[in-house]
Amino acid sequence: MKILVTVKEVAEAADDFELPDGALDIDERYLEYDLNEWDEYGVEEGVQIAEENEDTEVVSVTIGPERSEETIRMALAKGVDRAIRIWDDALEDVAFLDVEARARILAAVVAEEDPDLVLTGVQANDDGFGATGIALADRIDFEWAAVVNHLDLDVEGGLAHVHRELEGGVEELTDVELPAVLSIQTGINEPRYASLRGIRQAQSKEIVPYELADLDLDADVTDSPLSLTSMYEPETESSATVFEGSPEEEADQLGELLGEMGVVEG
Amino acid sequence: MTVLAISEHRRGELRDVSFELLTAGREVADALDTDLHVAVIGGDVAEHAEELNHEGVDVIHTVPAGEEFNHGVYTQVIDSLATDLDPRVLLMPNSVNGLDYAPAVANGLSLPLVTDVIGFDASDAVSATREMYASKVETTIEIDADRFCMTIRPNEWAKAEGAGDAEIREHEIEIDESRVRSTVTGFEEVGGGDVDISDADVLVSVGRGIEEEENIELIEELADALGATLSSSRPIVDAGWLPKNRQVGQSGKVVTPDVYLAIGISGAVQHVAGMKGADTIIAINTDPNAPIYDLADYGIVDDLFEVVPELTAQFS
Ligand SMILES: Cc1cc2nc3c(=O)[nH]c(=O)nc-3n(C[C@H](O)[C@H](O)[C@H](O)COP(=O)(O)OP(=O)(O)OC[C@H]3O[C@@H](n4cnc5c(N)ncnc54)[C@H](O)[C@@H]3O)c2cc1C
């Protein structure tokens, strides 16, 4: 069995970031890069399945620049067998890669790798589109399930028994035919820390770099009717009374307020 | 030319987002100078059509298709309706089920998709507003297409209210069962147990800012000193530091206490969905731009590890 796990390196904006007028993205110096929180759970799920099933290979796929290899190594250190990284001048030049473009690129990888199961995160915590996995599934004619927080694989029966986490503390129990794309929700498992041995082994694992042409894709795969035309800090709707001073003074004022509100007697 | 909005129901009831879709749909239809159509797929279609018959809706399409949501059925039905009506905009909810079919619908119809939309404008170019970087920025996405799909963020538009006089059109759409490859076998309620945080008058809620499991104690001590109940954001439950029944938010509990003290919680939209109804919201967060401050009535922009022990000391 082969499991393909999508791994994205995401950027988080520092508390003190600045966004000048007209900028279409936050400047790199205010961004910190890390493995997408949701993908961490996808990686763990893939690795656990491989540990429970013989002859199972876990391959990660990332659309990202060379910088993201550090993040990919983290996935390799946690048990992913090998990695694919797609980057191209044509990708370097686009400010905004839409869902369709991502799905098309990933579909080309699926055609190459022929996996039985694809695990994606529910969403990426930087742009939060939450759509790539399911768009991919439809494109490659796999079955799918979004927002999966429990997975029980019946390889012989060709089924994935999943729980989909709906709103309001309700889970939907669903049987999904394989091959399938599942978008993985946080909390489905406990992502492991990479062991020292894992980190050492990861150094010798392969990260195959692909350009679009290697996947029989043209640069026009990035063409989109959608474009990001502005980015700005939303006007604050805050009307909060902020207590000022030293931590002790701040706590005193809040304590007084809680007392006045009758939260605590005395 | 129409805007076609897809309503959402579960276990016999329309979900709130269905009524928000009517408001958003009317807004988009007005901006594009077209009609608003709404589809009810599956469930008690006649009853739901009546419930959705609000001011601003021109046509309601009903399609009997089983009791509950199934994406294999939804994609086929929407595909068929879209072929029939050729809508300018397909509007869907950015709910868990919306995320389970909207991307496939867009892909199947070869239409661009913008998800989690919080605003729409067509006065100049057609564009949608959405957030990025954990709600720290907003972006404008220009849409240069005759036809497109959007999913709208729940709780962002008001629910439609006034009575309507929409035309109801009944459809029978044949489903190709061989293309339905998932079966819903049941539902399960989670997050039960001895504590019901939705009953509490005062909640002291802890988020990822607490950093380590052993630090939770700090917040527990404050809750005890205040005679309050301890709750949390999702990452704390994901990490197994507190049980599921303590989680506030979209997939946890909806709470409406008199006082909600959010400590080291950023105020992500899925968290806010569970606590925006609290009477008084107080935040302790080092980041003055954290979205939680958009809701907070009071705040301390400082390190929780310095403030919380001081606060606890006052009450013990
Ligand atoms: C389908 C779906 C469902 C979801 N359901 C839920 C849900 O039910 N409930 C929920 O909560 N989330 C839910 N989420 C997750 C949500 O998107 C956020 O990831 C989550 O709410 C973030 O939790 P947080 O605020 O604790 O962490 P973060 O967003 O990481 O925020 C931590 C905050 O702590 C502050 N901080 C750090 N250090 C300190 C310090 N020393 N002192 C003071 N402040 C500090 C930081 O400034 C930051 O604002 C859901 C997501 C999805 C996709």
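Once amide H atoms are placed 1.01 Å from N in the peptide plane, what residues at a sequence separation of 5 or more from B:ILE168, or on another chain, have their amide H within under 5 Å of its amide H?
B:ILE60
When Cβ neighbours within 10 Å are restricted to other protein chains, what is their mean count per residue of peptide A:157-164?
Numbers: counts 0, 0, 3, 1, 1, 1, 4, 8.
What the average comes to for A:157-164 is 2.
If you average the alpha carbon positions of segment A:198-214 and of segment B:97-137, how far apart do those two centres end up, in angstrom?
A separation of 33 Å, based on Cα centres.
Report the gain in length on full extension from B:GLU172 to B:GLU189: 0.36 nm times residue separation, minus Cα-Cα distance, nm rounded to one decimal. Numbers along the way, then the final one.
Working: separation 17, 0.36 × 17 = 6.12 nm, distance 3.30 nm.
Extra length from B:GLU172 to B:GLU189 when fully extended: 2.8 nm.
Quick one: Karplus J couplings for segment A:120-125, per residue in order, coefficients 6.51, -1.76, 1.60, θ = phi - 60°, nearest Hz, x for Gly and Pro?
10, x, 4, 7, 9, 7
Using θ = phi - 60° and the Karplus relation 6.51 cos²θ - 1.76 cosθ + 1.60, list the HN-Hα couplings for segment A:48-54 in order, rounded to whole Hz, with x at every Gly or Pro.
3J(HN,Hα) across segment A:48-54, in whole Hz: 5, 4, 5, 6, 8, 10, 5.
If you look at just the Cα atoms of segment B:197-315, how large are its Rg and its Dmax in Å?
Here Rg and the maximum Cα pair distance are 12.5, 34 Å.
Contact order normalised by length for segment A:2-222, with contacts defined as Cα pairs under 8 Å and 6 or more residues apart; what percent is it? Could the numbers behind the result be given before it?
Details: 450 pairs, mean separation 57.6, N = 221.
Once normalised by length, the contact order is 26 percent.
Quickly estimate the mean residue ellipticity at 222 nm for chain A, helices only: each DSSP H run with n ≥ 4 gives -39500 (n - 2.57), and the total goes over all residues, rounded to 500. All intermediate terms of the calculation are to be shown ahead of the outcome.
Values: 7 runs with 76 residues, N = 266.
Helices in chain A give a 222 nm mean residue ellipticity of -8500 deg cm²/dmol.
By count of other Cβ within 10 Å, fewest leading, how are A:ILE86, B:ILE300 ordered?
A:ILE86, B:ILE300
Work out the FRET efficiency for B:ASP201 and A:GLU190 from their Cβ-Cβ distance, taking R0 = 30 Å, and round it to the nearest 0.05.
On the way: r = 34 Å, r/R0 = 1.12.
Efficiency computed from Cβ-Cβ geometry: 0.35.
Run the simple label-point estimate for B:LYS276 and A:THR236 please: 7 Å along Cα→C-beta, distance reported in nm.
2.0 nm
Which ³J(HN,Hα) values, rounded to whole Hz and listed in residue order, are derived for segment A:179-192 from phi using the Karplus coefficients 6.51, -1.76 and 1.60 in 6.51 cos²θ - 1.76 cosθ + 1.60 with θ = phi - 60°, glycine and proline given as x?
x, 8, 10, 10, 9, 8, 9, 4, x, 5, 8, 10, x, 7
Can you give the local net charge around A:TRP144? Use residues other than it whose beta-carbon is closer than 14 angstrom to its beta-carbon, Lys and Arg +1, Asp and Glu -1.
Details: positive: A:ARG139, A:ARG164, B:ARG179, B:ARG181; negative: A:ASP116, A:ASP138, A:ASP141, A:GLU143, A:GLU172, A:ASP175, A:GLU177, B:ASP100.
Every neighbour counted, the sum reads -4.
Helix hunt in chain B: which complete DSSP H runs extend at least 18 Å axially by C-alpha with mean Kyte-Doolittle at least -1.0?
B:16-32, B:71-85
Exposure proxy check: B:GLU306, A:GLU190 ranked by fewest other beta carbons within 10 Å? Don't skip to the end; give the middle numbers.
Details: B:GLU306 15, A:GLU190 12.
In increasing order of surrounding Cβ atoms, one gets A:GLU190, B:GLU306.
Most mobile of B:ALA158, B:ALA125, B:ALA296 per a Gaussian network model of chain B (Cα springs, under 10 Å)?
Largest GNM mean-square fluctuation: B:ALA125.
Using a cut-off of 12 Å between beta-carbons, work out the net charge of the residues near A:SER224 (Lys and Arg +1, Asp and Glu -1, A:SER224 not included).
Details: positive: A:ARG102, A:ARG104; negative: A:ASP98, A:GLU100, A:ASP220, A:ASP223, B:GLU142, B:ASP144.
Spelling it out: positives minus negatives among the neighbours equals -4.
Which of B:VAL59, B:VAL180, B:VAL272 ends up with the largest GNM mean-square fluctuation for chain B, with Cα atoms connected below 10 Å?
Result: B:VAL180 has the largest fluctuation of those listed.
What ranking, highest mean first, results for peptides A:102-109, A:197-204 when packing means the other Cβ atoms within 10 Å averaged over each residue? Mind showing how you got there, number by number?
Numbers: A:102-109: 22.1, A:197-204: 12.8.
By packing density, highest mean first, the sequence is A:102-109, A:197-204.
For the protein assembly as shown, what are Rg and Dmax over the alpha carbons, in angstrom?
24.0, 73
Count the lysine pairs in the protein assembly as shown whose Cα atoms lie under 24 Å apart, taking only pairs 8 or more positions apart in sequence or on different chains.
Qualifying lysine pairs in the protein assembly as shown: 12.
Using a Debye calculation, one point per C-alpha and no hydration shell, please list log10 I(q)/I(0) for chain A at q = 0.15 Å⁻¹ in order.
The Debye formula, applied to the Cα set alone, gives -1.10.
Given H placed 1.01 Å from N in the peptide plane, which residues other than close sequence neighbours of A:TRP144 have an amide H under 5 Å from its amide H?
A:VAL181
According to a simple spin-label model (label point 7 Å from Cα along Cα-to-Cβ), what is the distance in nm between B:ASP86 and A:ASN53?
Result: 4.6 nm between the two label points.
Just subtract the alpha-carbon distance of A:VAL155 and A:ALA14 from 0.36 nm times their residue separation and send over the number in nm, one decimal.
The A:VAL155-A:ALA14 span can extend by a further 46.4 nm.
Kirkwood-based Rg over Rh for segment A:32-169 (C-alpha set), two decimals? Intermediate values should be presented prior to the final figure.
Numbers: Rg = 15.0 Å, Rh = 16.0 Å.
That ratio is 0.94, to two decimals.
With chain A treated as a Gaussian network of Cα nodes joined by springs under 10 Å, which of A:VAL122, A:VAL221, A:VAL80 yields the largest mean-square fluctuation?
A:VAL221
Test of understanding: ordering B:MET275, A:MET261 by Cβ neighbours within 10 Å, fewest first, what list do you get?
Details: B:MET275 26, A:MET261 14.
So the ranking, lowest neighbour count to highest, is A:MET261, B:MET275.
Under the 0.36 nm per residue contour assumption, what length would be gained going from the current alpha-carbon distance of A:GLN201 and A:GLU112 to full extension? Walk me through the numbers on the way to the answer.
On the way: separation 89, 0.36 × 89 = 32.04 nm, distance 2.52 nm.
Roughly 29.5 nm would be gained on extension.
Considering only DSSP states other than H, G, I, E and B, which GluC sites (Glu not before Pro) in segment A:48-79 qualify as loop sites with at most 14 other Cβ atoms within 10 Å? Before the final figure, lay out each step's value.
On the way: sites: A:GLU51, A:GLU52, A:GLU54, A:GLU57, A:GLU66, A:GLU69, A:GLU70; in loops: A:GLU54.
Counting only loop positions with at most 14 other Cβ atoms within 10 Å, the GluC sites (Glu not before Pro) in segment A:48-79 are A:GLU54.
For the pair A:GLN253 and B:GLU211, what calculated FRET efficiency results from E = 1/(1 + (r/R0)^6), where r is the Cβ-Cβ distance and R0 = 22 Å, to the nearest 0.05? Please list the in-between numbers first.
On the way: r = 25 Å, r/R0 = 1.14.
Efficiency for this residue pair is about 0.30.
Values in this text are rule-based calculations from the coordinates and carry no lab data. Since this is a predicted model, take the numbers as computed values, not measurements. In this analysis, Cβ positions are derived from the backbone assuming ideal geometry, glycine residues included, and neighbour counts consider all displayed protein chains.
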